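The values are calculated or read from the model by the stated rules, or taken from the named source; none is laboratory data. What you see is a predicted model, and the numbers here were worked out from it, not measured in a lab. Because the Cβ atoms are built from the backbone with ideal geometry, glycine has one as well, and the counts that use them run over all protein chains shown.
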Amino acid sequence: MDDQASPAGVDPSVPNVARMYDYYLDGKDNFAADRDAAEQILKLFPDTRDSAKENRAFLARAVRHLVESGVRQIVDLGSGLPTRGNTHEIAHEFAPDTHVVYVDYDPVVCAHSRAILGKGDNVTVVQADVRNPEALLAELREHVDFERPVAFLLLAILHFVPDENPDGAGAYEIIERLRKASAPDSHLVLSHAIDARPDSTPEALEIYKRATEALSLRTHEEIARFFDGYELAEPGLVFPSDWRPTDPPLFERRNAPIGYVGVGRKL
């Protein structure tokens with residue numbers, strides 16, 4: 001993306017975590033500052049690009065599990081820039097009547113999403129901030145029947161939300177509000193980064209502090225807390241490549257995975 005063509009209100013000199021993620025996925029919707037910051041992260045964590053692709057592969061398997069479990073409402077929170085294998089494409093392959101709601105707080109992301117995703121049936125794009133769960137739920141009630149099961153997807157999102165958040169609700173509070181608002185048999189799908197290389201973590205944290213969102217890394221036990229009130233589907237909270245793999249590994253891993261994933265059903 002040409003920095004000179006940046007949309008109104010967007011500062012291309014400030015790295016944006018959604019556009020950095022787009023770069024990890026070999027996307028084109030990013031600026032020079034995003035690419036520079038992403039390359040700094042790749043020097044510290046060379047497997048980051050592969051891990052982002054593993055995350056997308058987990059998304060596909062998790063969404064298939066949701067629709068096979070009978071879920072017909074999926075809310076993709078912090079959906080980011082559209083790429084290959086979007087949530088609605090996966091869901092509609094197995095259950096065309098599944099309604100997918102994409103949610104992001106970034107107006108540029110929402111504009112891209114509406115232009116690319118908003119033309120099909122059973123697809124809605126909503127601009128809202130997960131850090132304000134009351135306003136988010138109020139907006140979602142226009143599109144989601146909370147008397148029926150709904151699946152909330154938060155992939156690579158909660159590690160950008162601290163426990164105590166001066167800008168809104170903390171990470172655990174967000175999940176608790178979503179759980180309370182949803183019907184039994186609703187689902188929670190998470191992926192979350194961990195402190196995989198303590199020697200490189202301080203420098204990585206500084207890079208993200210200079211971007212639009214800072215990192216809040218958590219341990220396996222801390223991530224598992226998000227599933228309080230949910231029954232974790234087998235095989236539990238595991239590395240992305242270990243969650244119900246159906247294909248050979250995407251790549252030969254050089255280092256330990258940098259995150260965990262899980263799918264839970266509300267009891």
Does ASP185 fit the bill of being of a type in the set (D, E, K, R) and either closer than 23 Å to SER79 by Cα or under 16 Å from the mean Cα position of the chain (by Cα) (or both)? yes
Go through (1) in a loop (DSSP other than H, G, I, E, B); (2) closer than 30 Å to PRO96 by Cα; (3) modelled with pLDDT of 85 or more for PRO15 and report which single condition fails. (2)
Which of the following residues is of a type in the set (A, V, I, L, M, F, W, C) and touching a helix residue (DSSP H, G or I) at 6+ places or on another chain (Cβ under 7 Å): VAL101, VAL71? VAL101
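Quick check: is even one residue across the range 89-98 touching a Phe, Trp or Tyr at 6+ places or on another chain (Cβ under 6 Å), over 20 Å from GLY27 (Cα atoms) and not acidic (Asp, Glu)? Show your work before the answer.
Within the range 89-98, the subset touching a Phe, Trp or Tyr at 6+ places or on another chain (Cβ under 6 Å) is none.
Among the residues of the range 89-98, not one is touching a Phe, Trp or Tyr at 6+ places or on another chain (Cβ under 6 Å), over 20 Å from GLY27 (Cα atoms) and not acidic (Asp, Glu), which makes the answer no.
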Does any residue of the range 191-212 turn out to be modelled with pLDDT of 95 or more, within 23 Å of PHE226 (Cβ to Cβ), in contact with a helix residue (DSSP H, G or I) (Cβ under 6 Å, 6 or more places away or on another chain) and of a type in the set (A, V, I, L, M)? no
When both residues are 6+ apart or on different chains and their Cβ atoms are under 9 Å apart, which pairs have a first residue that lies in the range 204-230 and is under 12 Å from ASP163 (Cα atoms), and a second that is surrounded by fewer than 17 Cβ atoms within 10 Å (Cβ to Cβ) and among the acidic types (Asp, Glu)? SER216/ASP163; LEU217/ASP195; ARG218/ASP163; ARG218/ASP195; GLU222/ASP163
Can you tell me which residues in the range 213-223 are modelled with pLDDT of 95 or more and crowded, with 18+ Cβ neighbours inside 10 Å? ILE223
Of all residues in the range 244-267 being part of a loop (DSSP other than H, G, I, E, B) and more than 18 Å from THR48 (Cα to Cα), the one that is modelled with the highest pLDDT: ARG244
Hey, THR83 hits all of (1) buried (at least 19 other Cβ atoms within 10 Å of the Cβ); (2) under 16 Å from ASP22 (Cβ atoms) but one; which does it fall short on? (1)
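Here is a list: GLU139, GLU134. Which entry is farther than 19 Å from PHE58 by Cβ, surrounded by 14 or more Cβ atoms within 10 Å (Cβ to Cβ) and of a type in the set (Asp, Glu)?
On the way: GLU134 fails: surrounded by 14 or more Cβ atoms within 10 Å (Cβ to Cβ).
Matching residue, one of GLU139, GLU134: GLU139.
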Whichever residue in the range 38-51 is without any contact (Cβ under 8 Å) to a residue 40 or more places away in the chain and surrounded by fewer than 21 Cβ atoms within 10 Å (Cβ to Cβ) and, among such residues, is farthest from ASP26 (Cα to Cα): LYS43
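Out of all the residues in the range 158-203, which are assigned to a helix (DSSP H, G or I) and either on the phi > 0 side of the Ramachandran plot or among the aromatic types (Phe, Trp, Tyr) (or both)?
PHE160, TYR172
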